[in-house]
Amino acid sequence: MRALLGVAVLLAACSGAKQEPGAADLQWAESSRPASAQLAERYERSCMACHSVNGTGAPLAGFAPHWKPRIDKGIDQLVRHASEGFNAMPAMGACNDCSADDLRALTLFMARSGT
Ligand code: HEC
């Protein structure tokens, strides 16, 4: 019985720890850019301020545990939220010259699904 409890505690601790990005995740978020130079420039100018820093409330770029539950709601909803704003997420991600396609590509890049 005690052993079982131990396993349960260990599992709970592991799943909790998985939500916290490690050094490699933080490194990826800081150093990675979309492949397109134009997108990379827009990304650096807007999304990065919030999405490349852990603890801002924004899902961390490239960090799957932050993005998976959002992606599960459907990419169209995510892109709509990026365009219209969502809670502390500013409309257009504070990127006034981003097109809808740019927002989609930047979202996919940060969620690391595609691009
Ligand atoms: C001022 C900070 C800030 C900037 C700049 C910013 N975001 Fe966000 N973003 C947030 C926060 C905070 C959230 C989490 C909102 C929530 O879930 O309550 C978020 C969430 C999102 C989501 C998930 C929405 C959902 O439905 O779960 C997407 C997609 C997104 N941002 C895309 C972008 C893109 C693309 C850019 C750059 C063009 C960008 N963001 C720039 C703060 C920012």
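The values are calculated or read from the model by the stated rules, or taken from the named source; none is laboratory data. Quantities reported herein were computed from a predicted structural model and do not represent experimental measurements. Note that each Cβ is placed from the backbone with ideal geometry, even for glycine, and that neighbours are counted across all protein chains shown. The accessibility values were calculated without ligands, DNA or RNA, using every heavy atom of the protein model including side chains. Shrake-Rupley method; radii C 1.70, N 1.55, O 1.52, S 1.80 Å.
Set side by side, the residues 59, 69 differ, and just one is open to solvent by 20 Å² or more (accessible area, probe 1.4 Å), under 13 Å from the mean Cα position of the chain (by Cα) and not aliphatic (A, V, I, L, M), which is 69. Checking the stated criteria, residue 52 turns out not to satisfy the condition of being open to solvent by 20 Å² or more (accessible area, probe 1.4 Å), at pLDDT 95 or above and out of contact with any strand residue (DSSP E or B) (no Cβ under 9 Å at 6 or more places or on another chain). Restricting 82, 91, 64, 100 to those that are among the small types (Gly, Ala, Ser), without any contact (Cβ under 8 Å) to a residue 60 or more places away in the chain, within 13 Å of residue 46 (Cα to Cα) and open to solvent by 20 Å² or more (accessible area, probe 1.4 Å) reduces the list to 91.
If only residues of region 103-115 that are more than 6 Å from the ligand (Cβ to nearest atom) and within 24 Å of residue 19 (Cβ to Cβ) are counted, the one that is most open to solvent (accessible area, probe 1.4 Å) is 112. Inside region 68-115, can you point out the residues that are acidic (Asp, Glu) and in a helix (DSSP H, G or I)? Of everything in region 68-115, those that are acidic (Asp, Glu) and in a helix (DSSP H, G or I) turn out to be 76, 84, 101, 102. Reported count of residues in region 6-23, each being open to solvent by less than 80 Å² (accessible area, probe 1.4 Å) and either of a type in the set (D, E, K, R) or at pLDDT 95 or above (or both), is 2. Here residue 30 does not qualify as more than 8 Å from the ligand (Cβ to nearest atom) and more than 15 Å from residue 110 (Cα to Cα).
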